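The values are calculated or read from the model by the stated rules, or taken from the named source; none is laboratory data. As the structure is a prediction and not an experimental result, all values here were calculated from the model. Heads up, the Cβs are rebuilt from the backbone with ideal geometry, glycines too, and the neighbour counts pull from every protein chain shown. Just so you know, the surface numbers come from the protein's heavy atoms only, side chains and all, with ligands and any DNA or RNA stripped out. Shrake-Rupley method; radii C 1.70, N 1.55, O 1.52, S 1.80 Å.
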Number of protein chains: 2
Amino acid sequence: MDENEKRLQEKFAQLKTYLDKGDKKRFRKTYLDMHFYDQSTFYLTLDKPERLSLYSLLEPDEMGDMFDTIEDDLPEIPEFLKEMDLDFAAEMLNDMYDDNAADVLEHLDKADVDRFLGQMPRADANNLRGLLHYDTETAGGIMTTDYVRFHEEETAGNAINDLRSFAETAETIYYLYVLDNHDDLVGVMSLRDLIMLNPEDTLGEKMNSDVITVNVDADQEEVAKVFRDYEFLAVPVVDHANQMVGIVTVDDVIEVIDDESLQDYSGLAGVSVDETDQDNPLKAASKRLPWLITLLLLSMITATLINHYEGLLAEASILAVFISTITGTAGNAGTQSLAVAVRRLAVEEIDRHEFFKLIGKELLTGFITGVVTGISVTLLVGLWKHNFILGMVIGLAMCAAITVANLAGSLIPMLMSSFGFDPAVASGPFISTLSDLTSVLIYFSIAGLFMQSFVRM
Amino acid sequence: MDENEKRLQEKFAQLKTYLDKGDKKRFRKTYLDMHFYDQSTFYLTLDKPERLSLYSLLEPDEMGDMFDTIEDDLPEIPEFLKEMDLDFAAEMLNDMYDDNAADVLEHLDKADVDRFLGQMPRADANNLRGLLHYDTETAGGIMTTDYVRFHEEETAGNAINDLRSFAETAETIYYLYVLDNHDDLVGVMSLRDLIMLNPEDTLGEKMNSDVITVNVDADQEEVAKVFRDYEFLAVPVVDHANQMVGIVTVDDVIEVIDDESLQDYSGLAGVSVDETDQDNPLKAASKRLPWLITLLLLSMITATLINHYEGLLAEASILAVFISTITGTAGNAGTQSLAVAVRRLAVEEIDRHEFFKLIGKELLTGFITGVVTGISVTLLVGLWKHNFILGMVIGLAMCAAITVANLAGSLIPMLMSSFGFDPAVASGPFISTLSDLTSVLIYFSIAGLFMQSFVRM
């Protein structure tokens, strides 16, 4: 535990004493002096009676500031909202940034959403309802409508003055969006540039009119890419008529990047690795079993295949010795190829022409890898068993099995992607189990061909 | 190709014509109107003669703005710098944000670094030299020293005026850092809060004095966590005497998060998945082979183990049928457990007490998973082969192999982490190849015990 954390723990202990004693003044002073995130960390340590007294000591907008930083997918959120007075909860939601309020509402039943929205001024409720319509993983799903807009004829001096009123509600005041008479977005200006202007300059003269926007339906990955490339703090979101409907801010994009990378990682591992639930072995097992059992069934097909070659095995039991070497190595190669393909699909669109080029390259990569690995294993087995024909059989099988596994590792995610599925779902375990099957088939076919030559022992 | 991209391509074509014709005025107008990132995209499409004429049309600071957005680990960067005039390059580096300049210099030979720094004013050169001292993956390695600082007695009105001078050089002017008479960091204020103040308020009265800082040696992952939690746009970096030495800005943190997630993903896959080089099959193969060959050697140990049981196999060749089912399923389970452990280690510190608790939980998770999978396979084999004793042998072996694989999957990264290695290096392929070995050992030991009972065929 470092210094920061220790100090925080002491503050939390103090806050709990004030809360128990109902010492409103001291509690509010200490609590409101903390960062919103620390407030939310404190809030999450409380039990229900403590939370209820907290609600009585704070104003809805103060609760809203804290709720803005709370993770919206915590399973307790609906409970928290329901234990508040209805007015209090509705006012708090209304005081939050609208993107965060919408994220919270998304996790409630429709009936509860209607209850809360029913308590809000109609315009605000409609605004939130609008946000709830968008898919959560699109620009619309992560944007806020609380942004700063000015008319292009506005002067810099007036704009700075007016910013004060926006500072109360806008999620960021560091970018000003400039609209023309038709309310079309025609420019953007950073606050940094604004304070450099002469007070009588108009925004229209000095704004940057090369505005990078994202479409309201754009996938959140695409939005993240704009932030990565241009290093913006916020990006305007436009609808199909090119009208501005909101902005996405960088804090939400960090969340998107984290979520997407967690999804990719979970996909590759064949298990959801988010941290909740993992502390309960029963729940953890229940998360892992579906994939395991599915893949067990797939591997039973491999078993029936080996069973089919039982005659061959009975004649040359030495073949059994190398089954796991071949399936294992091909599986490893397939996993590598899968990872490379999934990652590539995450950063670029691939058209039909590109598709065949990439598959060709991967096939060649697999072949080179296979040849090198095959020669290695030929030598290893040849030297060990003093039987280079056996070595060559294993080496040939290895080379072919790796080439096929590499092909599968890139072909499957690319096919999934072109049929509109998330390629990250094709897990490493799936590819290696699938490649067990092809590897075994290749291995025994080749072994069968050379049977007479290597069985000399 | 979407609208934005099409427009950009047209602009690029136009720019190339101006460049060829040496039309300085038109070129500069179009080029300087573009976003810095688009400028860098254009720059990267140029060949050497084109780049040389570009340098003659632009000022060093204009080049610097563009170079600020270029990825510093592009292999061409040293070449770019060396083809510029020495003065021009040095001035450009000096005009860049110092964190970006240091990142660029890091990829050059020591001699070249000295050459460029020798052309700069001594104070600037020393500043960059200081930044180059920090480990690249620490707060010091990603921070900038171009930040906004004020004395606590400064009034809001003066501060806003003075900000204009900072806006030329500071990487962000959206946070003001407040120092006392000893130059100690005593508070922070956002520009948002500043513009809400009365001109005569002093910063000391109104600042936020609960400043969250990161240590200059802190790992970049830790820095990223502060941004995730607190949703800051920048965080101050302090040295061991608690003196402020710089700030880290959110754009650099996005890069950190991307890099770290790419590392984790590459680790799990057992191959570096960054996109460069992957287009050349030879290079791609050379990236994948080291792990594959290493693991091949490990899997040869498994082969010798199976070889050791050749007598058993000769007697009951049916045993060979299920080798890949058992090794494959245990490997899958081990990969899942590895992924969960690596991810957990990425987000929390684990002490000794926690260590054993987690291992215990993972063991239990593995056992539950093993029991369910074991029962499934017992039934499948029993029904298929009409031999429930054989089924039970396979089921028992599966259960034990999965439990051990789960244990290895969590124990190995945790041990690596406690010995100071990056746990993400323990790849899925490594765990599954290792678990092939233990699985085979378990399988044949159990089969040996029950040999007499199931061989009835």
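Using the alpha-carbon atoms, what tilt in degrees (0 to 90, nearest 10) does helix A:24-33 show relative to the longest principal axis of chain A?
Between helix and principal axis, roughly 60 degrees.
Return the distance in nm (one decimal) between the two label points of a simple spin-label model at A:Glu222 and A:Glu310, each offset 7 Å from Cα along Cα→Cβ.
Between A:Glu222 and A:Glu310, the simple spin-label model gives 5.6 nm.
If you take every DSSP beta bridge whose two residues both sit in the protein assembly as shown, what share of them, in percent to the nearest 5, is antiparallel?
If I count the DSSP bridges inside the protein assembly as shown, around 70 percent turn out antiparallel.
Once you put a point 7 Å from the Cα of A:Glu10 and another 7 Å from the Cα of A:Phe450, both along the Cβ direction, what distance in nm separates them?
7.3
Any chance you could look up the accessible area of A:Glu205 with a 1.4 Å probe, heavy atoms only, rounded to 10 Å²?
120
Once phi is turned into ³J(HN,Hα) by the Karplus curve 6.51 cos²θ - 1.76 cosθ + 1.60 with θ = phi - 60°, what whole-Hz value does each residue of the range A:228-240 show in order, with x for glycine and proline?
Once θ is set to phi - 60°, the couplings for the range A:228-240 become 4, 5, 8, 6, 7, 9, 7, 9, x, 10, 10, 8, 6 Hz.
Rounded to whole Å, give me the distance from the Cα center of the range A:413-448 to that of the range B:277-310.
Here the answer is 18 Å between Cα centres.
Pairing the Cα long axis of helix B:156-167 with the longest principal axis of chain B, what angle in degrees results, from 0 to 90 and rounded to the nearest 10?
Roughly 80 degrees, rounded to the nearest 10.
Averaged over peptide A:256-266, how many Cβ atoms belonging to another chain are found within 10 Å of each residue's Cβ?
4
Distance in nm between label sites at A:Glu83 and A:Thr294, each 7 Å beyond Cα in the beta-carbon direction?
That separation, rounded to one decimal, is 3.7 nm.
For the range A:148-259, what's the relative contact order in percent, using C-alpha pairs closer than 8 Å and at least 6 residues apart?
23
Show that you can apply the helix-only estimate: for the protein assembly as shown, add -39,500 (n - 2.57) for every DSSP H stretch of four or more residues, divide by all residues, and state [θ] at 222 nm to the nearest 500.
-22000 deg cm²/dmol
Run the numbers on the range B:252-383 and let me know its relative contact order in percent, using alpha-carbon pairs under 8 Å that are six or more apart.
Relative contact order comes out at 12 percent.
Report the gain in length on full extension from A:Arg122 to A:Ile301: 0.36 nm times residue separation, minus Cα-Cα distance, nm rounded to one decimal.
Contour length minus the Cα-Cα distance gives 58.4 nm.
List the residues whose amide H sits under 5 Å from the amide H of A:Leu179, counting only those 5 or more places along or on another chain, with H placed 1.01 Å from N in the peptide plane.
Sorted by chain and number, the residues that satisfy this are A:Phe150, A:His151, A:Glu152, A:Val186.
Any chance you could check the Cα centroid distance between the range A:383-406 and the range B:1-50 for me, in angstrom?
Value for the Cα centre distance between the two parts: 53 Å.
For chain A, find the longest principal axis of its Cα atoms and tell me its angle to the long axis of helix A:48-57, 0 to 90°, nearest 10.
Helix A:48-57 and the main axis of chain A meet at about 30 degrees.
When the convex hull of the C-alpha atoms of chain B is computed, what volume per residue in Å³ does it have?
That works out to 214 Å³ per residue.
Could you work out the mean count of beta carbons from other protein chains within 10 Å of each residue's beta carbon in A:287-299?
6
Determine by what factor the alpha-carbon radius of gyration of the range B:3-135 differs from 2.2 N^0.38 Å, reporting the quotient.
The value comes to 1.08.
Determine, from the Cβ-Cβ distance of A:Leu57 and B:Val347 and an R0 of 30 Å, the FRET efficiency 1/(1 + (r/R0)^6), rounded to the nearest 0.05.
0.40
Structure shown: which of A:Lys283/B:Lys357; A:Lys357/B:Lys283; A:Lys225/B:Lys6; A:Lys283/B:Lys361; B:Lys82/B:Lys110; A:Lys283/B:Lys225 lie over 20 Å apart, alpha-carbon to alpha-carbon?
Going by Cα-Cα distance, A:Lys283/B:Lys225 fall outside the 20 Å limit.
Could you list which residues have their amide H under 5 Å from that of A:Val245, counting only those 5 or more apart in sequence or on another chain, with H placed in the peptide plane?
Correct list: A:Val237, A:Val238, A:Asp239.
Please report, in whole Å, how far the alpha carbons of the protein assembly as shown spread along each principal axis, starting with the longest.
In descending order, the Cα extents are 96, 77, 56 Å.
To the nearest µm²/s, what D does Stokes-Einstein give for the range A:148-259 at 4 °C and 1.567 mPa s, using the Kirkwood radius over alpha carbon pairs as Rh?
In µm²/s, the coefficient is 89.
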